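The values are calculated or read from the model by the stated rules, or taken from the named source; none is laboratory data. Small disclaimer: the values here were computed from a predicted structure and weren't measured. So basically every Cβ, Gly included, is an ideal-geometry build from the backbone, and we count neighbours across all protein chains shown. Ligands, DNA and RNA are excluded from the accessible area calculation, which covers all protein heavy atoms including side chains. Shrake-Rupley method; radii C 1.70, N 1.55, O 1.52, S 1.80 Å.
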Amino acid sequence: MPESMSQIALNQTPVHVRHGSNMGQPLTRREGVLKVTGAATYAADNHPAGMLYAVLAVSSIARGRVTFLDIDAARAHPGVVEVMTPANRPALALDPDEKSDPFMFRLDLLQNDKVRYANQPIAVVIAETLEAATEGAVLLAPRYDVEPARIGLDATETFEPPVVGPGFPTKAQLGDVTAGLAVASKKIEATYETAAQYHNPMEPHAIVATWDGDALSIDTPSQGFAWAKGRLAGLFGLSPDKIHIRSPFLGGGFGCKGLISGPQVLGILAARLVGKPVKLVLRRDQMFGPVGHRAPTRQTLRLGVDSEGNLTAIDHRTKTTSSAFDDFFEAASASSHTLYASPAISTSHEGVRVDTGTPLFMRGPGGAPGSIAVESAIDEMAYACGMDPLTFRLKNYAEVEPISGRPFSSKALRDCYQQGAERFGWRRRVLAPRQMRDAHGLLVGWGVGTATWPAHMFEGHAKAVLRRDGTGIMELGAEDMGQGAWTALAQIAADSLGLDLDQVDFRSGNSDLPDAGVAGGSAHTATAGTAIHNAGGDVIARLAALATSDERSPLFGAGNAGVIARGGRLHRRDDESRSESYADILSRAGLAQIEGNGAGAADAAAHSTYAMHAHGAVFAEVKVDPDLGQMRVTRMVGAFAAGRIINPRMVESQLCGGMIWGVSFALHEQAIMDRKSGRPMNANFAEYHVPVNADVPSVEAILVEEYDPHVNPLGIKGVGEIGITGSAGAVANAVWHATGIRVREFPITLDRLIEPRA
Ligand code: MOS
């Protein structure tokens, strides 16, 4: 049994109980004041002495070769120090096109003159100022051998990818879908298309890289230190302990900072080339290519129901794109594996290679596009049956995970439907579409969608210290993208040590600390939180061993009864009046401090026995101008059950953020590719739309109580991504209910709503 599992098991039936009141409190972000006052230093704010500025030159074609760069002109520009091209780029220990696992992506690191997608880096200009570097990049005036770009879902021939998402099977099957459709009394078939989206956190990828001999220090946003360190160690042929990554603050991530990207590595190469610290920050338009995106999908769903309205068949097929040179396939059909019950389910994926950067996991990968298609199809089927779409969902949601056949570790979806519907006022809904209007004559529509996201865990580690002055330290390399991870994790840390929050020095945000796993997959609080919980348990157990074996301690002999850690003291469990402070125990033992360690990882036995997911139900109201087709989401209520809530304020904020991503998915976000040049035509925030305050007037998240005894010792499920699932479908279904027009291409744009109607 791996060590981490035995530690988890030990803490599930604790000998030493810790009581705390930090978990569950709606604390504000601990670094909030630093952020709002501008005092927080993000990666690009760190300026070591002698630092130079690097700017990428990127390709304006999508496929071909670079035949000329005017390097002389760039070098002659005042302030330009060096131009890095394939001709002088420092050597790497590993070919950037080598790939040994699905989490390793091929990078464009000036290994040759080939262009594989628009906005691919083709040179790096390094200068004394940002302005000089920017001008130098312009002066390169590249020339190309251009080959025709292959863009879109029909660009090239279709094939079956070996795996989808991060290594999931391409196909899954339960029962016989053909038979299920044959016996159905009603069938629908519908095809939905979702657009390409680009992550675009507020803070673009940025790096300040400093070499000191063969030691590398970088300030850069990262959602996963160990992955980044491992990748860099391989590329540069360094031992991982020579690499120091600091990510004190991140301005968002959305998945694109999960792995070290090509441009970040180019910043490091530039620093190596010039022998000075170098800063490289992507311009907003450069985010549309080399740092991942969500690929477009075309999904066909076939559903059958019997005369009672029970599903008899679900067939979900997805076609999606990957780059011409690497593999990542949006696992959208997997959304049909857990949501709705049917005796027959079949899911599959096919791929098409196009001349874009390689897609990557982004805000609910697979689940977000899969969910909008499934929720739309379920809505269409409810209407085909003449049933209220909420009633239809209540009738058909899965009680046991259909494809795997496993029971859920816990599931409070019914409560989510009920509490959400109640709060939203669903029962006042008129079933038929285009029947509701507001006082201004706008069409009003109400839609619902089911939300779900798996309760993943990575592996993480933490180190806990108790000091003779009665304070504690918790150390782990956790990443806070802005979601409040450090606040929630510090709350767990304080409780794990039996101390108040202000007595704990919570240290995080760099790669020299114990690896806390990845801030992704909605698994960070569960993983890092479990590691913290176990590290605290370990140090308290060591402290208790000191006291209970010492005749001079009031706790002497309490070993069998156990102790409780609370308020900086250990108490006898069977007689709480007998206690001793941490400080006294350590002083008498002559120790300045005592240390413990803990790990957090999925309990393999529990995870193979149970299907583990968070659940939710989202209700949306839209108003549509009947003449102009203009749409506004006016109200959203989501009710979510995600196990134990460590910090309700942070969780509500994440869930509301996720619901706003759903609005974005349904109505706003799309990268529009020019099919001729292969370039994104809207690589900026003026034309790549995301919802702003005026687009989302009221969003409410209800936290539905749920106790999951199996998921991990603290009962934590993730909340990072579930908010986008269900929400996009709820908005799309509300648009249908408002207008009677079923738009199957996302985002829904107003031109679709003003087509002449039969
Ligand atoms: Mo995410 S797409 O797991 O950061």
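One line per residue, one yes/no per condition, for (1) surrounded by 18 or more Cβ atoms within 10 Å (Cβ to Cβ); (2) among the aromatic types (Phe, Trp, Tyr); (3) under 25 Å from Leu52 (Cα atoms):
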site	(1), (2), (3)
Glu98	no, no, no
Pro102	no, no, no
Ala123	yes, no, yes
Val138	no, no, yes
Tyr144	no, yes, no
Gly152	no, no, no
Scope segment 625-649; condition open to solvent by less than 10 Å² (accessible area, probe 1.4 Å) and farther than 19 Å from Gly425 by Cβ; matching residues: Gly629, Ala641, Ala642, Gly643, Ile646, Asn647
Unique match (being more than 16 Å from the ligand (Cβ to nearest atom), aromatic (Phe, Trp, Tyr) and either assigned to a loop (DSSP other than H, G, I, E, B) or within 16 Å of Pro162 (Cβ to Cβ) (or both)) among Phe361, Phe329, Phe325: Phe325
Tally, over segment 224-237, of residues that are touching a residue at least 40 places away in the same chain (Cβ under 8 Å) and either open to solvent by 10 Å² or more (accessible area, probe 1.4 Å) or hydroxyl-bearing (Ser, Thr, Tyr) (or both): 7
Residue identified as outside any strand (DSSP E or B), surrounded by 23 or more Cβ atoms within 10 Å (Cβ to Cβ) and within 16 Å of the ligand (Cβ to nearest atom) among Gly729, Gly720: Gly720
Which numbered condition Gly258 misses (of (1) within 16 Å of the ligand (Cβ to nearest atom); (2) assigned to a loop (DSSP other than H, G, I, E, B); (3) in contact with a strand residue (DSSP E or B) (Cβ under 8 Å, 6 or more places away or on another chain)): (3)
Residues located in segment 364-389, provided they are more than 16 Å from the ligand (Cβ to nearest atom), over 13 Å from Ala190 (Cβ atoms) and either of a type in the set (D, E, K, R) or open to solvent by 10 Å² or more (accessible area, probe 1.4 Å) (or both): Cys385, Gly386, Met387, Asp388
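One line per residue, one yes/no per condition, for (1) of a type in the set (Phe, Trp, Tyr); (2) without any contact (Cβ under 8 Å) to a residue 24 or more places away in the chain; (3) touching a helix residue (DSSP H, G or I) at 6+ places or on another chain (Cβ under 9 Å); (4) buried (at least 21 other Cβ atoms within 10 Å of the Cβ):
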position: Arg675; (1), (2), (3), (4): no, no, no, no
position: Met681; (1), (2), (3), (4): no, yes, no, no
position: Ala686; (1), (2), (3), (4): no, yes, no, no
position: Ala694; (1), (2), (3), (4): no, yes, no, no
position: Val699; (1), (2), (3), (4): no, no, yes, yes
position: Glu706; (1), (2), (3), (4): no, no, yes, yes
Some residue of segment 172-188 being of a type in the set (A, V, I, L, M), in contact with a Pro (Cβ under 9 Å, 6 or more places away or on another chain) and in a strand (DSSP E or B): yes
Enumeration of residues in segment 636-693 that are of a type in the set (S, T, N, Q) and closer than 23 Å to Ser727 by Cα: Asn647, Ser653, Gln654, Ser664, Gln670, Asn693
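Per-residue answers, yes or no, for (1) among the hydroxyl-bearing types (Ser, Thr, Tyr); (2) at pLDDT 95 or above; (3) assigned to a loop (DSSP other than H, G, I, E, B); (4) within 16 Å of the ligand (Cβ to nearest atom):
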{"position": "Arg414", "(1), (2), (3), (4)": "no, yes, no, no"}
{"position": "Gly420", "(1), (2), (3), (4)": "no, yes, no, no"}
{"position": "Ala439", "(1), (2), (3), (4)": "no, yes, yes, no"}
{"position": "Gly445", "(1), (2), (3), (4)": "no, yes, no, no"}
{"position": "Thr450", "(1), (2), (3), (4)": "yes, yes, no, no"}
{"position": "Met457", "(1), (2), (3), (4)": "no, yes, yes, yes"}
{"position": "Val465", "(1), (2), (3), (4)": "no, yes, no, no"}
{"position": "Gly482", "(1), (2), (3), (4)": "no, no, yes, yes"}
Neighbours by Cβ (under 6 Å, 6+ apart or cross-chain): first from segment 493-513, open to solvent by 40 Å² or more (accessible area, probe 1.4 Å); second assigned to a loop (DSSP other than H, G, I, E, B) and modelled with pLDDT of 95 or more: Gln503/Thr471
Filter result for the condition that a residue is at pLDDT 95 or above and open to solvent by less than 10 Å² (accessible area, probe 1.4 Å), over Thr358, Thr318: Thr318
Qualifying residue in segment 203-216 (condition: away from the ligand (no atom under 16 Å from the Cβ), surrounded by fewer than 24 Cβ atoms within 10 Å (Cβ to Cβ), free of Cβ contacts under 8 Å to residues at least 40 places away in the same chain and of a type in the set (Ser, Thr, Tyr)): no
Ser404 vs. criteria surrounded by fewer than 23 Cβ atoms within 10 Å (Cβ to Cβ) and either away from the ligand (no atom under 16 Å from the Cβ) or not in a strand (DSSP E or B) (or both): yes
Options Glu160, Glu98; residue that is free of Cβ contacts under 8 Å to residues at least 40 places away in the same chain and of a type in the set (Asp, Glu): Glu98
Given (1) part of a loop (DSSP other than H, G, I, E, B); (2) closer than 30 Å to Arg427 by Cα; (3) modelled with pLDDT of 95 or more; (4) not basic (Lys, Arg), number of the condition Leu591 does not satisfy: (2)
Subset of segment 546-579 [within 20 Å of Thr471 (Cα to Cα) and open to solvent by 50 Å² or more (accessible area, probe 1.4 Å)]: Leu546, Arg566, Gly567, Arg569
Qualifying positions in segment 717-743 - of a type in the set (Val, Ile, Thr) and over 16 Å from the mean Cα position of the chain (by Cα): Val731, Val735, Thr739, Ile741, Val743
Test: residue in segment 61-80 that is touching a helix residue (DSSP H, G or I) at 6+ places or on another chain (Cβ under 6 Å), hydroxyl-bearing (Ser, Thr, Tyr) and outside any loop (DSSP other than H, G, I, E, B): no
Contacts under 9 angstrom Cβ, first residue in segment 250-262 being in contact (Cβ under 8 Å) with a residue 12 or more places away in the chain, partner within 11 Å of the ligand (Cβ to nearest atom) and outside any loop (DSSP other than H, G, I, E, B), 6 or more apart: Phe254/Trp661; Gly255/Arg294
In segment 522-547, residue nearest to Ser581 (Cα to Cα) [restricted to those that are touching an Asp or Glu at 6+ places or on another chain (Cβ under 8 Å) and within 16 Å of the ligand (Cβ to nearest atom)]: Thr527
Selection within segment 204-214 - touching a Pro at 6+ places or on another chain (Cβ under 6 Å) and either of a type in the set (A, V, I, L, M, F, W, C) or not in a strand (DSSP E or B) (or both): His205
